[in-house]
Each structure stands twice: as structure tokens, then as C-alpha cells.
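Engineer: I have a structure I would like to understand better, so I am pasting it below and will then ask my questions one at a time.
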Amino acid sequence: MKLYLVRHAQPVGKEVNAARPLSDAGRQEAERVAAHLRDLGVQLVEILHSTKARAAQTAGIIRAHLDGARVIETEGLAPDDPVEPLVDRVGQAEQDTMIVGHLPFLPALAARLLGGPADLAFPTAGVVVLARGPDGGWSVQDQFGPQSLSTTD
């Protein structure tokens with residue numbers, strides 16, 4: 001099973017809109033990453049996202065590029081929420097899943113699953129792919145962001 005941890009794409013500033021939806025640049029970031037995921041042949045069962053607009057919009061853009069995934073707004077994915085409830089949920093998952101969320105939640109979740117801090121980057125629209133082995137342990141399989149993808153991706 002693979003777990004795709006995705007930080008939301010770039011939002012507008014609080015001074016522009018307190019709800020912080022995606023900026024034009026953020027939509028472009030999300031489109032680039034979503035196209036790359038499609039080109040990799042990623043198939044997901046669920047895309048979980050926080051209740052914040054920027055995460056919901058990022059998840060929607062990714063879903064538009066991938067077939068079959070259900071997009072589910074999920075409580076407990078806010079920046080400072082505890083990770084334990086989600087650790088239990090992904091521990092029971094059997095098929096590839098994506099979580100679209102925020103800092104510092106995503107690095108904390110990754111550290112908890114990996115058993116300690118890891119050198120992971122979560123730029124806006126950045127993706128960290130964790131794989132669960134037969135023993136139930138997690139490892140980092142890949143990580144990328146929109147800036148690391150070529151313009152042809």
C-alpha cells in the first residue's frame with residue numbers, strides 16, 4: 001500500500017482572502033503535480049483532504065487527473081491536529097490513499113509512520129510517497145514538488 005502525502009498548493013495571502021483559496025500560481029502547481037501523478041499511473045481509492053479551501057481545491061485538481069478516487073473532506077487534518085487518529089486509519093487501509101493537508105501536520109504524520117524524523121520536503125503542492133512493507137513498516141518511496149518536475153511533465 002502507498003500513502004501519498006500532499007501539501008496543498010500555494011494559496012492567496014490572508015490579506016487577499018481570509019479563507020485562503022488557491023492562487024493562480026497554486027492552481028498551476030497543482031495541475032503540474034496532478035499531471036505527473038497521472039503520468040506515473042497512480043491509482044487511488046481515496047483522496048482525503050482537510051476542511052480548508054486550499055486543501056479541497058488541491059484535492060479536486062488532482063482528482064480531475066486521476067480516475068476512480070473518492071474525494072473526502074476529513075476532520076482532523078488541520079495544521080495542528082494530532083496525527084494519531086489518522087495513523088490508525090492508514091494502518092488499516094489496504095489500497096493506495098492520498099492525504100492533502102498542511103504543515104506541520106504532514107511532516108508530523110510522516111515522522112510518526114516512519115518511526116522518527118526524516119529529511120522530507122513539503123513545498124506547496126509537494127508530494128511525499130510512503131510505502132508500507134509486508135511487515136507493516138513504512139519507508140519513503142519518492143518525493144517531488146512542482147518545481148522539481150520538468151515543464152514537459
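Engineer: Given the options R89, R63, R27, R54, name the one that is at pLDDT below 95 and either in contact with a His (Cβ under 9 Å, 6 or more places away or on another chain) or part of a helix (DSSP H, G or I) (or both). Outline the logic, then answer.
Structural biologist: Numbers: R63 fails: at pLDDT below 95; R27 fails: at pLDDT below 95; R54 fails: at pLDDT below 95.
Matching residue, one of R89, R63, R27, R54: R89.
Engineer: A further question follows. Select from segment 54-81 the residues that are closer than 21 Å to F144 by Cβ and polar (S, T, N, Q) and write down the one among them that is nearest to the chain's Cα centre (by Cα).
Structural biologist: Looking at residues that are closer than 21 Å to F144 by Cβ and polar (S, T, N, Q), I get T58.
Engineer: Taking Q43 as the residue in question, decide whether it is closer than 22 Å to S139 by Cα and either over 14 Å from the mean Cα position of the chain (by Cα) or not hydroxyl-bearing (S, T, Y) (or both).
Structural biologist: yes
Engineer: Right, next: Looking at this structure, is T51 within 30 Å of N17 (Cβ to Cβ), surrounded by fewer than 16 Cβ atoms within 10 Å (Cβ to Cβ), under 16 Å from the mean Cα position of the chain (by Cα) and hydroxyl-bearing (S, T, Y)? Talk me through it step by step, then tell me what you get.
Structural biologist: Details: within 30 Å of N17 (Cβ to Cβ): yes; surrounded by fewer than 16 Cβ atoms within 10 Å (Cβ to Cβ): yes; under 16 Å from the mean Cα position of the chain (by Cα): yes; hydroxyl-bearing (S, T, Y): yes.
Judged against the criteria, T51 is a match.
Engineer: Right, something else. Report every pair of residues separated by at least 6 positions or lying on different chains whose Cβ atoms are under 9 Å apart, first residue within segment 76-94 and touching a residue at least 40 places away in the same chain (Cβ under 8 Å), second exposed (fewer than 12 other Cβ atoms within 10 Å of the Cβ) and outside any helix (DSSP H, G or I).
Structural biologist: G91/G136
Engineer: Any residue at all in segment 75-98 that is closer than 18 Å to G41 by Cα, aliphatic (A, V, I, L, M) and either surrounded by fewer than 18 Cβ atoms within 10 Å (Cβ to Cβ) or out of contact with any Pro (no Cβ under 6 Å at 6 or more places or on another chain) (or both)?
Structural biologist: Checked against the condition, which is being closer than 18 Å to G41 by Cα, aliphatic (A, V, I, L, M) and either surrounded by fewer than 18 Cβ atoms within 10 Å (Cβ to Cβ) or out of contact with any Pro (no Cβ under 6 Å at 6 or more places or on another chain) (or both), segment 75-98 yields at least one hit.
Engineer: Could you figure out which of (1) in a strand (DSSP E or B); (2) free of Cβ contacts under 8 Å to residues at least 60 places away in the same chain isn't true of P134?
Structural biologist: If we test P134 against (1) in a strand (DSSP E or B); (2) free of Cβ contacts under 8 Å to residues at least 60 places away in the same chain, just (1) comes out false.
The values are calculated or read from the model by the stated rules, or taken from the named source; none is laboratory data. Keep in mind the model is a prediction, meaning the values are calculated, not measured. A quick note on method: Cβ atoms are made from the backbone with ideal geometry, for glycine too, and the neighbour counts reach across all protein chains shown.
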